[in-house]
Amino acid sequence: MDNLELVLDARATLGEGPSWDAGKGLLYWVDIMESQIHIFDPGSGTDLKYEIGQYVGAVVPDRNNGFVIAARDGFFRFDPASGLLHPIGDPEAGIAANRFNDGKCDAKGRFWAGTMELTERSPGGALYCLYPNGEIEKKVSGITCSNGITWSPDHTTMYYIDSPTKQVKAYPFDHDTGRLGEGRVIITIPEGEGSPDGMTTDMEGMLWIAQWDGYCVSRFNPETGERLLKVEVPAARVTSCVFGGDLLDELYITTARTGLPEEELRQRPLSGGIFRLKPGVQGLPSYSFGS
């Protein structure tokens, strides 16, 4: 597609975890390695930055104001007015080798986020669900790099990525309780195209998957595993995507610069930027935490 545009030359070390606030018209995202939460206003082009003092993998709006984040030391509420973090719970307290990575809320206001070892060498992470009442439940174990998570438009299927597997799994999903069924592989990223990272769903039920070291975002049919569209991005490390805009017809894409050699950064200086695409389809909304 030829309508991809850079909307913020953020030069993020590891831009990730985006969510869209439809009521305010704002994009929330994080720079994991810089321990930052960002609030980007596409209307004015301004990007507010909050330092939180620890790696932060994802940020979602809280229905009771402020934000909820998944960070290195667990789940927290974050008050941007005071800059204070209020602990909710840490399901991996004492596991210093792990941190939280990507995550988002389902339509019932439950916050799903997963962990990974800092070294990404072994399957020591897991996927957790934070319920609005503060309960935290482990949902999937044996994860190496917990990443993209999204749901079907009818909320009966959850899609999930453990990046090193290069696969997307589909889980039967009970919308009322959050219970998962047995996962099955539905998509495998082709060799030489990097690894699947963050993802989101459009109104037609198709998956938009960011490809780390793949220089692209791809649209896949989860029923057939077929790739329908490939959108090239001028950055190797494409990390995640989310639908935004007044009509949810704009796809915002986060990228990273971490670990790239100087020559790569010279050739692709927009690495770490936030991009926007008009894909010709509307997406599902981002959901807030809470009941």
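Read-outs: derived from the displayed coordinates by stated rules, not from any lab. Since this is a predicted model, take the numbers as computed values, not measurements. Cβ: placed from backbone, ideal geometry, glycine included. Neighbour counts: every protein chain shown.
The figures follow:
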| item | result |
| --- | --- |
| Given [x] 60, 51, 46; [y] 59, 51, 38; [z] 45, 43, 39, the label whose value is Cα extents along the principal axes in Å derived from this model | [z] |
| Nonlocal amide H pairs with Y287, under 5 Å, H built at 1.01 Å | C105 |
| Residue exposure sequence - R72, R11, R257 - by fewest surrounding Cβ within 10 Å | R11, R72, R257 |
| Contour excess over end-to-end distance, with Cα ends at R184 and H86 and 0.36 nm allotted per residue | 31.6 nm |
| Highest-fluctuation residue, T115, T177, T156 considered, GNM on the chain with Cα pairs under 10 Å | T177 |
| Estimated FRET transfer efficiency when R0 is 51 angstrom, pair N65-E191 (beta carbons, to 0.05) | 0.65 |
| Residues whose placed amide H lies under 5 Å from that of N101, excluding near-sequence neighbours | G114, T115, M116 |
| Taking region 5-277 and dividing mean pair separation by its residue count, relative contact order in percent (alpha carbons under 8 Å, at least six apart) | 15 percent |
| Per-residue Cβ neighbour rank within 10 angstrom, fewest leading, Y128, Y215 | Y215, Y128 |
| Loop GluC sites (Glu not before Pro), region 202-233 (other Cβ atoms within 10 Å of the site Cβ: 12 or fewer; DSSP) | E204, E223, E226 |
| Residues R266 and S291, FRET efficiency given R0 of 51 Å [Cβ-Cβ distance, rounded to 0.05] | 0.55 |
| Net length gained if the chain between L48 and E120 were fully extended (0.36 nm per residue, minus Cα distance) | 22.9 nm |
| Inter-label distance for E223 and S152, nm, one decimal - labels placed 7 Å from Cα along Cα-to-Cβ | 1.0 nm |
| Mean ellipticity per residue at 222 nm, deg cm²/dmol - from DSSP H runs of n ≥ 4 across the chain, formula -39500 (n - 2.57) | -500 deg cm²/dmol |
| Selected from N221, N101, N147 as most flexible by GNM, with the chain as the system and alpha-carbon contacts under 10 Å | N221 |
